[in-house]
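Have a look at the structure below before the remarks.
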Amino acid sequence: MAESPLEQFKIERIAEFHIGGYDASFTNSSLLMVIAVVAITAFLVLGSAKSALVPGRWQSMAELAYEFIANMVHENAGTAGMKYFPWVFTIFMFVLFGNVLGMIPYSFTFTSHIVVTFALAAMVFITVTLVALFRHGLHFFSFFFPHGAPVAMAPLIVPIEILSYLSRPISLSIRLFANMMAGHTMLFVFGTFTVALGVFGIAPFAVNVALILFEFLVAVLQAYVFTILTCLYLKDAIELH
């Protein structure tokens, strides 16, 4: 029987640990997260180790990533949002490396699991909510009733606004998880089909190469989407629009 396309998403224990009755085992997902953090650190260290007026390859890539996110934060969250640039930059790099590392054969894509993406989205949701509460106090709750709206519409508008606000971490996490899972499943199915065709699989192989390039694009795009939505949520927390 052929291996299931979903087998690649199976979480496997590498080292078992139990703390207070909870399973805290080190898994293949945990391993790839550690590798992602190490890879990000190495990338940034190499990029800043030898600062030169004429940047080299690593410095150019590190500066490009820095400027790209800095511009994103400034354009979408304003000058006040630049205070949170390190946090947003960390989110982008972690999601990006998680997506891209998952493209390596026999690797593991931890961003294809809803528990991981929801944890990231929940962290974003809680952080921007705390930012809003610390900046505006109880005035934060005016966010759920737009200025100028008829008071008589409050019983309808307020529940809708609250539901919309609470749905943010759900939509943010599902978008990333679904895209990564669907893309990897599609690649597995097409790859299996190509292998089954043998010598007649030349044309499908060319399609697979195109799909792999497309999946790399999706990996970068999903990191961008996750980050820009974080910036927009941050802007709402700062300006209460």
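The values are calculated or read from the model by the stated rules, or taken from the named source; none is laboratory data. As the structure is a computational prediction, the values presented were derived from the model and not from experiment. Reconstructed Cβ throughout: ideal geometry from the backbone, glycine too, with neighbour counts over all protein chains shown. These area figures cover heavy atoms from the full protein model, side chains too; ligands, DNA and RNA do not enter into them. Shrake-Rupley method; radii C 1.70, N 1.55, O 1.52, S 1.80 Å.
Of everything in the stretch 198-229, what is surrounded by 13 or more Cβ atoms within 10 Å (Cβ to Cβ) and either modelled with pLDDT under 80 or not in a helix (DSSP H, G or I) (or both)? Give them in sequence order.
Within the stretch 198-229, 201, 204, 205, 207, 208 qualify.
Quickly run through the stretch 143-165 and pick out the residues that are surrounded by 14 or more Cβ atoms within 10 Å (Cβ to Cβ) and either acidic (Asp, Glu) or at positive phi (or both).
Within the stretch 143-165, just 161 meets the criteria.
Which condition number in (1) modelled with pLDDT of 90 or more; (2) touching a helix residue (DSSP H, G or I) at 6+ places or on another chain (Cβ under 8 Å) is the one that residue 187 fails?
It is condition (1) that residue 187 fails.
Residue by residue, here is whether (1) among the hydrophobic types (A, V, I, L, M, F, W, C); (2) at pLDDT below 95; (3) surrounded by 13 or more Cβ atoms within 10 Å (Cβ to Cβ); (4) touching a Cys at 6+ places or on another chain (Cβ under 7 Å) holds:
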residue: 50; (1), (2), (3), (4): no, yes, no, no
residue: 54; (1), (2), (3), (4): yes, yes, no, no
residue: 66; (1), (2), (3), (4): no, yes, yes, no
residue: 78; (1), (2), (3), (4): no, yes, yes, no
residue: 85; (1), (2), (3), (4): yes, no, yes, no
residue: 89; (1), (2), (3), (4): yes, no, yes, no
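From the list 20, 47, which residue is free of Cβ contacts under 8 Å to residues at least 40 places away in the same chain and at positive phi?
20
Regarding residue 103, is this residue open to solvent by less than 40 Å² (accessible area, probe 1.4 Å), under 30 Å from residue 43 (Cα atoms) and either aliphatic (A, V, I, L, M) or at pLDDT below 95 (or both)?
For residue 103, the condition - open to solvent by less than 40 Å² (accessible area, probe 1.4 Å), under 30 Å from residue 43 (Cα atoms) and either aliphatic (A, V, I, L, M) or at pLDDT below 95 (or both) - is met.
May I ask you to list pairs of residues, at least six apart or on different chains, whose Cβ atoms are under 6 Å apart, with the first in the stretch 118-142 being under 15 Å from residue 170 (Cα atoms) and open to solvent by 20 Å² or more (accessible area, probe 1.4 Å) and the second being part of a helix (DSSP H, G or I) and among the small types (Gly, Ala, Ser)?
Between residues of the stretch 118-142 that are under 15 Å from residue 170 (Cα atoms) and open to solvent by 20 Å² or more (accessible area, probe 1.4 Å) and residues that are part of a helix (DSSP H, G or I) and among the small types (Gly, Ala, Ser), the close pairs are 118/173.
Considering only residues that are open to solvent by less than 100 Å² (accessible area, probe 1.4 Å) and more than 14 Å from residue 182 (Cα to Cα), look in the stretch 1-11 and name the one that is modelled with the lowest pLDDT.
Ranking the qualifying residues of the stretch 1-11, first place goes to 2.
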